[in-house]
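Any read-out appearing in this document is the output of simple, stated calculations on the displayed coordinates, not a laboratory observation. Please read all numbers here as calculations on a predicted model, not as lab measurements. Quick reminder, even Gly has a Cβ in these numbers, built from the backbone with ideal geometry, and neighbours come from all protein chains shown.
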Amino acid sequence: MAEPELNLGDYYFILRKRRWIILLIFLSTFISTWWWSNRQIPVYEAMTSVKVTQKATISGLALNDMMMQSGWVDELETQTKVITSWPVMERAAMLMGIVRPGATAEALAEAVGEMQGAVRVFRIEKTNIIQLIASHTDPQKAAAIANDVAKAYIQHNLEEKRRESSALRQFLEQQLQEISTRLKQNEEALRNLRANSQATGTGLALEAELTALDTQLAALLRQYTESHPNVIRVRERIAEINDQIKGLPSSELELARLTRDVELDNGQYRNLTDKLSSARISEAEKIEDVIQLEPATVPEKPVRPNRPMVRLSGALVGVLLGLVLAFSIEHFDTSLFAIEDIERLLNLPVLGVIPYIRGPKQPGEKKSTSWWKRRPSAKHEADASDQLILRLPLKSPVVEAYRALRTNLQSQELDRGGKVLLLSSSIPGEGKTITTANLAIIFAQAGKRTLIIGADLRKPTLHKLFNLPKEPGLTDVLLGTVKAEQATKNIVDMLLGGAGWDQITKMPGLDNLHILPSGNPPLNPSELLAAPALGRLIAELRPKYDVIIFDSPPILPVTDAALISAHADGVLLLYQVGRVARRVLLRTKAQLEAVQAKLRGVILNHLAAEVELGTEYYYYQYKYYGKKEEAERKQAEATSS
């Protein structure tokens, strides 16, 4: 059978039913989160930023500043790593006084590791600004770490700049010395050649023309092909000049070579001289490539833990976990609480809803306001006679519930000639005996001659409710040792048994109530109930009473109830809400149907003082009946105590 869809009322019912689970999980999670957040040591963060400017490098000065801009972004990323490097952190640790010069390697490593763990560095996108964030449990130290790391980085950068400038100067001086020596040698050789030879410089002119023609040829080839007349003419002229150069004397060729070397050396010498001057200026200047834009200030508030957010998250998680657990328990809970679920499962009507009957307060007992004590307690369940409606005000909600049940049975069963009823339950402990007794009392109050038959021959308790002797009873009648009239008890027997006169007289119509107790438990209850004597007894009693109600053992453990059901005009199944699983109810119904019992409906029993049943909610609260009924109830409790 398909599961019905849940509506808002069903969800509200589940939440109300499992509210203590949700509240417990919520409080546990929230208190744990609150305790954890209070135990966390607050962490403060201080922030500063430094600006890094582009600086000249050895390659930039030596190669005419070629590609100075390439890789600048990568250089900034590199500087973020330099800030957290060992040399910078070591210097910062010394500035803060964490370590002293000459400290051991272990102490130095510990200090550097602590500094590196406290500092985070990142570059602000599309800028040359690097941000430093220092974390510490002491706000003063957080600001000091940020400022000292920035200061250490600036000092480290300045020292690196001077070291590079010094290395550049030394390199340029060495190169300049080599060029100067080579230039002097070439100039001396050129002078000697001109003084001792007849060279006229023709080779120089031819080489100059050859160089010009090569340049012209390269330009023509970018526009024309090899077969173009201009290209052919230039190539012919180049060939002629090469032939002329080959025919020149060696002195002319040597003069041309020495002249070229002198000119080249002069150019390099002038260039290196300019670079050396720049390097000396860079080495001498104290302009910093890194500046601190804004110093770190002492933070006023910690960044973590964010206690309000942690506590809010704990509250939300607690509610979520409580809801998940509540709905999970509800999903796996096979008991039934909603009237429509019970009727749908058993295909039987719910004839009545009986609230839990709390007996009168005992002397010295205080009213419990704690939620965990509002459920039925063993102390009040121990004395079952306290749950008889004889001890309740006539207009109490419990009595009204039994009147409603009587009305339903009157219209469904008694008005159609049925007068023998069997009231039983699936398992022990669902309150069938007290429900049978109260139902009989309410019928007697309406003027119906009513007989209760204690058919629970295994663990009889009916006689205890009315302070009656157990024997003679049903067992003796079925065995033929006594007649039914001799074993049946009435109001006089109840008074002699110790029932209070005020309780008997308060409930009119009890003279219509008769009780046939169980008698001594026989050795074979099932065989005794299966004998024809039970049918003869019922036939004998039918003309004498308007209503006959059997109090039997539970249905599933023994077969007694099934045997009695064959003689009953109607069987009433008592169900204690939340106690029995649905598969147990189905098995109970199947067992009764197997013996062709006439199942008339279900009675819901033992509800708490305020119980919701499905999408319609039934509130059993004394205040519903007004101040007068509440006063009557309190007066009855005071009288009983």
For Ala195 paired with Lys464, estimate the spin-label separation in nm (one decimal), with each label point 7 Å from Cα along the Cα-to-Cβ line. 14.6
What Rg and what Dmax come out for segment 420-462 when only alpha-carbon atoms are used, in angstroms? 10.9, 32
Förster-model FRET efficiency, 41 Å R0, Thr127 and Gln268, C-beta, rounded to 0.05: 0.55
How big is the gap, in Å, between the Cα center of segment 551-573 and the Cα center of segment 10-37? 43
Given a Förster radius of 25 Å and the C-beta distance between Asn524 and Asn490 as r, what FRET efficiency does 1/(1 + (r/R0)^6) yield to the nearest 0.05? 0.25
How long are the semi-axes of the equivalent ellipsoid of segment 177-237, taking √(5λ) for every eigenvalue λ of the Cα gyration tensor, in whole Å from largest down? 37, 16, 5
For Ser425, which sequence-distant residues (separation of 5 or more, or a different chain) have an amide H within less than 5 Å of its own amide H, given hydrogens modelled in the peptide plane? Ile555, Leu574
Extension reserve of the Glu160-Thr80 stretch, reckoned as 0.36 nm per residue once the Cα distance is removed: 27.3 nm
Burial ranking of peptide ranges 209-221, 120-132 (average Cβ count within 10 Å, highest at the top): 120-132, 209-221
Centre separation in Å (Cα based) which lies between segment 214-293 and segment 95-133: 51
Assuming a ≥ b ≥ c are the square roots of the Cα gyration tensor eigenvalues, decide whether segment 211-329 counts as rounded (a/c under 1.5), prolate (otherwise, with a/b larger than b/c) or oblate. oblate
Go ahead and collect, in residue order, the members of segment 15-54 whose backbone nitrogen is under 15 Å from a label point 7 Å along the Cα-Cβ direction of Val317. 25-40
Between Leu248 and Gln185, Cβ-based FRET efficiency (R0 25 Å, step 0.05) works out to 0.60
Show me the ranking of peptides 91-98, 548-555 by mean Cβ neighbours inside 10 Å, starting with the highest. 548-555, 91-98
What length, rounded to one decimal in nm, is gained on full extension from Arg542 through to Glu294, with 0.36 nm per residue of separation minus their alpha-carbon distance? 78.8 nm
Using 0.36 nm per residue of separation minus the Cα-Cα distance, give me the extension gain between Glu236 and Glu593 in nm, one decimal. 115.9 nm
Going down the list Lys17/Lys589; Lys141/Lys301; Lys489/Lys544; Lys464/Lys589; Lys17/Lys395; Lys81/Lys126, which pairs span over 22 Å between their C-alpha atoms? Lys17/Lys589; Lys464/Lys589; Lys17/Lys395
Sort segment 182-281 into rounded, prolate or oblate with this rule: let a ≥ b ≥ c be the square roots of the eigenvalues of the Cα gyration tensor; rounded if a/c is under 1.5, and if a/c is not under 1.5, prolate when a/b is larger than b/c, oblate otherwise. oblate
